[in-house]
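Trainee: Pasting in a structure now, in C-alpha cells, and then I'll have a few things to ask.
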Amino acid sequence: MSPVFPMLTALSMFYYMCLRRRARTATRGEMNSRRAIESNTRALPINVEIVQYAKEVLDFSSHYGSENSMSYTMWNLAGIPNVYPSSGDFTQTAVFRTYGTWWDRCPSARLPFRRTPPTFCSQDYVELAFEEPVYPTAVHILETYHPGAVVRILACSANPYSQNPPAEVRWEILWSEAPTKVNGPQARQFTPCIKQINFPTNLIRLEVNSSLLDYYTELDAVVLHGVKERPVLSLKTSMIDMNDIDEDEDEEKYGCGMDTLTKQFSIVTLREWPTNGYFDKLPYELIQLILSHLTVPDLCRLAQTCKLLYQHCCDPLQYIHLSLQPYWARINDTSLEYLQSRCTLIQWLNLSWTGNRGAISVSGFSRFLKVCGSELVRLELSCGHFLNETCLEVITEMCPNLQELNLSSCDKIPPQAFNHIAKVGSLKRLNLYRTKVEQTALLSILNFCSELQHLSLGSCVMIEDYDLIASMMGAKCKKLRSLDLWRCKNITESGIAELASGCQLLEELDLGWCPTLQSSTGCFTNLARKLPNLQKLFLTANRSVCDTDIEELAANCARLRQLDILGTRMVSPAALRKLLESCKDLSLLDVSFCSQIDNRVVLELNANFPNVFIKKSFTQ
C-alpha cells in the first residue's frame, strides 16, 4: 500500500488547490454582484452633455491642398460641416496627401523600419482643439468620401488655450483599430465606441492609414461629445475586478507600452538566478538574432530578467535601426538620455512626430546626437516642431555620414537654418515638404549636395523662382531619380527644359498643381522625349494636358507605371487606349474630372485593361 499514499497525497493537494481557487472565484463573484447592485441602486448625478465642433486645427502631418488656400486642406476640419451628408469629391473638405499603396511602389519609396509594433499603423495625423475641456463620451467623425482611414483617436491632457503649460502632458488612446476596407465611397458618420479617461480634454488627435483606400479620404468635421464632471463608471465597468486586468495585455492592445519605458531604460537591479537556463548554451550571435524580432518595449522588459539577457538587450547591435515614432507620445529628453549608451552604433533613426509640446528640448536632442550621430546614415524627423537652427547645425556637425534626412512638415524651422544642410555633401535623399526653406539656402544645398537622388520640395512656398532652382538641379544633380515639385507656383517651360536636359535619370516626377506649365509650350512632350526612364508622372490639375502629350508618353516612356492627369479637358479616349497599349507596366491612371472621359469610357478601359487601376472621381 505504500506506493498509493504519495498518489493520494498528490490528489488531495490538487483537490485542495481547486477548492481554494473556486472559493476565491466565488468570493470575487459575490463581491462583483454586490458591487453591481450597489451601483445600480445609487442615484447618478445630473451631468449635461456638451456637444462641440472643432474650434481650431493645431497641427497635421500632410494635406492635399495648398498652404495659401482652403481647398482640400486640414483647416476645413474646424467648425461646422461644409459638405456632410453629401458624398463625393469636394474642395471644402480635409484631405491627406496620399492614399492606397501607390506611394510605396514608386522609386522614391523608403524601406520600412524593423521592429515597428503591429499595433502601430498610422501614416498621417491631425490635431484639433475644442473650446471646452470635457470628459469625452463620444467622438463623431463626418467622412464624406472614401471613409475608413481613421485608425486611432487620442485625447491630450494639455489645454492648448491655457496660459500655464502643464508639467506633464499625457496622451490617452480613446479608440484604436487596424485599417479596414469600407464598401463604397459614400459619406458616413463614424462613431466608434471610445473608452473613458480620467482627465478632461479639449485636444483630440486623429491618426489615419489610407493604404486600403481606392482614393483620397475626405473628412468634413469632427464632433466631440462630453461632460464637464467626471462620469460615474457604468454598470458594466463596475463589475470588472482589478485583479483580472492584465496590464501587459492592455499595453499590447493599445500600443502605448511606453509609459514605463523611461523607467525600464534606467533599471539596473537584476534578479539573481542560479543559471541562465539554456541560453548559456546558445551562440551569442543566435541570441542576438532572436532578440532582433522584439519591439523596443519588449527589449526593455526582457532586460530585467537576468544578467545575460540584460547584456544582450543593451548591446548597441540591437539598435542599429531604431524607430521611436510608434511611441511618439512617451519619448522625451530622459528617454533619449537612457538610450544613448545603447545607440552608439545606430545607423537609422526615426524620431518623426516626437518631441512636441516641450517633450524634447534642443539641448536634449543635441546631447543625443553628439553621442550617437557619428554612424547615422538615415534620420527621420517629420513633424518635429522642437527643431530649430541649432538642431540643424548639430545634425550637420555630428552626422558626417548622413545620406537621408526627412524634415517634412517641420514648419517651425526658420528659413535661414536650412543653409546648414549644404554642409552634408553625402546626402542622397532630402525631404523638405511643407518647410520654409528659402531660395538662397536651397541653391546652396543643390550646389554642394551633388549626390542627391531623391528630393521633395512639395508645398515649399518661400521659393521665389523655381526655374532657377530647376536650372541648378540640371547642372549639379545629375543623379536625381525622383523629384517632388507638388504645388510649386512659378516653374515654366524654361525650368522644365533645363531639368529634363540635366537630370535624365529621373524616374519619378510630381508636377501636380503647377499652374504655370502649359502644354502649348511643348514642355510635356519635351519631358517625354528626354526622360525615357519615367515610372511615375503626376500632372494633376493641369487643364492643358492634351492628346499629343499622352501620345509622346506612349511612344517614349514604356516603363511608365503611374500617371495622374486629373482635371484635363483635352485628352480623348483614343489617346488613353494608345497609352495603355504601349505602357504594359502601367498600374495607376487617374482621369478624375477629365471632361472627355466619362464613366462609360472608364468601364470599357477597365474591361480591356484589367491590370490597370483607372480612377474616375465624382461629385454629387
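The values are calculated or read from the model by the stated rules, or taken from the named source; none is laboratory data. Nothing here was measured: the structure is a model prediction, and the numbers come from that model. In this analysis, Cβ positions are derived from the backbone assuming ideal geometry, glycine residues included, and neighbour counts consider all displayed protein chains. Surface accessibility is based on the protein's heavy atoms, side chains included, excluding ligands, DNA and RNA. Shrake-Rupley method; radii C 1.70, N 1.55, O 1.52, S 1.80 Å.
Trainee: Just want the answer: with Cβ charges of +1 for Lys and Arg and -1 for Asp and Glu, which residue in G88, F113, Y72 is farthest toward the dipole's positive end in the range 49-227?
Mentor: Value computed over the given set: F113.
Trainee: Distance from a point 7 Å along Cα→Cβ of T137 to each backbone N in the range 160-197: keep the residues under 17 Å and list them by number.
Mentor: From the range 160-197, the list is 191-197.
Trainee: When the accessible area of the range 49-227 is computed with all protein chains present and a 1.4 Å probe, what percentage of it is carbon and sulfur?
Mentor: Solvent-exposed carbon and sulfur of the range 49-227 make up 49 percent of the total.
Trainee: Further, regarding this structure: Taking just the C-alpha trace of the range 351-453, give me its Rg and Dmax in Å.
Mentor: Cα radius of gyration and Dmax of the range 351-453 are 12.4, 36 Å respectively.
Trainee: Please compute the per residue accessible area over the range 310-362 with all protein chains in place, 1.4 Å probe, rounded to a whole number of Å².
Mentor: 31 Å²
Trainee: For the range 412-517, with every protein chain kept in place, what is the accessible area per residue (1.4 Å probe, Å²)?
Mentor: 34 Å²
Trainee: Here's something else I'd like to know. Would you compute the Debye intensity of the range 391-549 from its alpha-carbon atoms alone, equal scatterers and no solvent, and pass along log10 I(q)/I(0) at q = 0.12, 0.15, 0.19 Å⁻¹ to two decimals?
Mentor: -0.48, -0.74, -1.16
Trainee: On to the next question. Can you run the Rg to Rh ratio on the range 101-194? Use alpha carbon positions and the Kirkwood inverse-distance Rh.
Mentor: Reported Rg/Rh, Kirkwood definition of Rh: 1.02.
Trainee: For every other residue with a beta carbon closer than 12 angstrom to the beta carbon of S108, add +1 if it is Lys or Arg and -1 if Asp or Glu, then tell me the sum.
Mentor: 0
Trainee: Please compute the per residue accessible area over the range 49-227 with all protein chains in place, 1.4 Å probe, rounded to a whole number of Å².
Mentor: Value for the range 49-227: 38 Å² per residue.
Trainee: Then there is this: With the dipole of the range 49-227 worked out from charges on the C-beta (+1 for Lys and Arg, -1 for Asp and Glu) around the Cα centre, which of V151, Y161, V51 lies farthest toward the positive end?
Mentor: Towards the positive end, the residue furthest out is V151.
Trainee: Once you've got the Cα coordinates, tell me which of K428/K536; K530/K584; K195/K436; K476/K615; K476/K536 are over 28 Å apart.
Mentor: K195/K436; K476/K615
Trainee: Roughly what % of Cα-Cα distances in the range 49-227 sit above 29 Å, to the whole percent?
Mentor: 20 percent
Trainee: Could you give the dipole magnitude of the range 354-464 about its Cα centre, charging the beta-carbon of Lys and Arg +1 and that of Asp and Glu -1, in debye to the nearest 20?
Mentor: Magnitude of the dipole: close to 240 debye.
Trainee: What's the Cα-based Rg to Rh of the range 502-619, Rh via Kirkwood?
Mentor: With Rh from the inverse mean 1/r over Cα pairs, Rg/Rh is 0.93.
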